[in-house]
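Asker: Shown below is the structure under consideration.
The values are calculated or read from the model by the stated rules, or taken from the named source; none is laboratory data. Note that the coordinates shown come from a computational prediction; the quantities given were computed from them, not determined experimentally. Counting neighbours? That spans all protein chains shown, and the Cβs are built from the backbone with ideal geometry, glycine included. What goes into the accessible areas is simple: the full protein's heavy atoms, side chains included, and nothing from ligands, DNA or RNA. Shrake-Rupley method; radii C 1.70, N 1.55, O 1.52, S 1.80 Å.
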Amino acid sequence: MCIFCKIVTKEIPSNAVAESEEFYAFHDINPKAPIHVLAIPKAHYQSFNDIPGDVMGRMATFIQEVAKTVGIKESGYRIISNIGENGGQEVGHLHFHILGGAKLSWGHFADADPNDFF
Ligand code: 5GP
Ligand code: ZN
């Protein structure tokens, strides 16, 4: 069983933000912003590549509710899902990072210079 599946079953403790029959949201153990919540489907999908569209639709509603619950829906926030090796995914259970609580920085995401590709 993967680490986030164990978080779903409470085998590994986590700091819950919201829970439904299908989804779970909890605080990231190593926050990269004042608010850093992870939202996951309880069912195991390896990454965003594998989530069916209908589940993703309900996931969107869940993420909107989580953003409201932690008080960042109106001030603004960012959703990130890292996918696979180049995406920097470390945990192989689909998750969405929900980041906010302060003005977030924005910059180059790769060591390679984007201008080198033109
Ligand atoms: P990834 O790099 O796969 O997109 O992100 C994985 C995230 O999961 C990281 O931000 C990391 O801090 C978080 N994380 C890893 N293990 C645990 C854990 O056991 N509990 C919690 N709450 N977060 C975790
Ligand atoms: Zn899993």
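Asker: Using 0.36 nm times the number of residues separating Ile79 and Ala16, minus their current alpha carbon distance, what extension gain do you get?
Answerer: 20.9 nm
Asker: Using a 1.4 Å probe over the heavy atoms of the protein chains, calculate the carbon and sulfur portion of the accessible area of the chain as a whole percent.
Answerer: 53 percent
Asker: Then there is this: Take the cross-link list Lys32/Lys68; Lys6/Lys103; Lys42/Lys103; Lys68/Lys103; Lys42/Lys68; Lys32/Lys73 and give me the ones stretching past 23 Å between alpha-carbons.
Answerer: Lys6/Lys103; Lys42/Lys103
Asker: Please name which of Phe4, Leu38, Ala16 has its Cα lying farthest along the dipole of the chain towards the positive end, using unit charges on Cβ (Lys, Arg +1; Asp, Glu -1) and the Cα centre as origin.
Answerer: Ala16
Asker: Another question about this same structure. Using 7 Å Cα-to-Cβ label points, what is the Asn115/Asn49 separation (nm, one decimal)?
Answerer: Placing both labels 7 Å beyond Cα along the Cβ direction yields 3.3 nm.
Asker: Show me, for region 23-34, the HN-Hα J-couplings you get by feeding each phi into the Karplus relation (A = 6.51, B = -1.76, C = 1.60, θ = phi - 60°), rounded to Hz, glycine and proline as x.
Answerer: 9, 9, 10, 8, 6, 5, 6, 10, x, 10, 7, x
Asker: Let me ask you something else. Solvent-accessible area per residue for the chain at a 1.4 Å probe radius, Å²?
Answerer: Using a 1.4 Å probe on heavy atoms only, each residue of the chain averages 64 Å².
Asker: So what does log10 I(q)/I(0) come out to for region 3-105 at q = 0.11, 0.16, 0.20, 0.25 Å⁻¹, using the Debye formula with one equal point on every Cα and no solvent?
Answerer: Rounded to two decimals, the profile gives -0.30, -0.66, -1.05, -1.56.
Asker: Now for a separate question. What FRET efficiency comes out for the pair Cys5/Lys32, r = Cβ-Cβ distance, R0 = 30 Å, nearest 0.05?
Answerer: For R0 = 30 Å, the calculated efficiency reads 0.85.
Asker: Can you tell me the orientation of helix 53-69 relative to the chain, as the angle in degrees between its alpha-carbon axis and the longest Cα principal axis, to the nearest 10?
Answerer: Value to nearest ten degrees: 90.
Asker: Let me ask something else about it. Quote the charge dipole size of the chain about the Cα centre in Debye, to the nearest 20; the model charges only the Cβ of Lys and Arg (+1) and of Asp and Glu (-1).
Answerer: 440 debye
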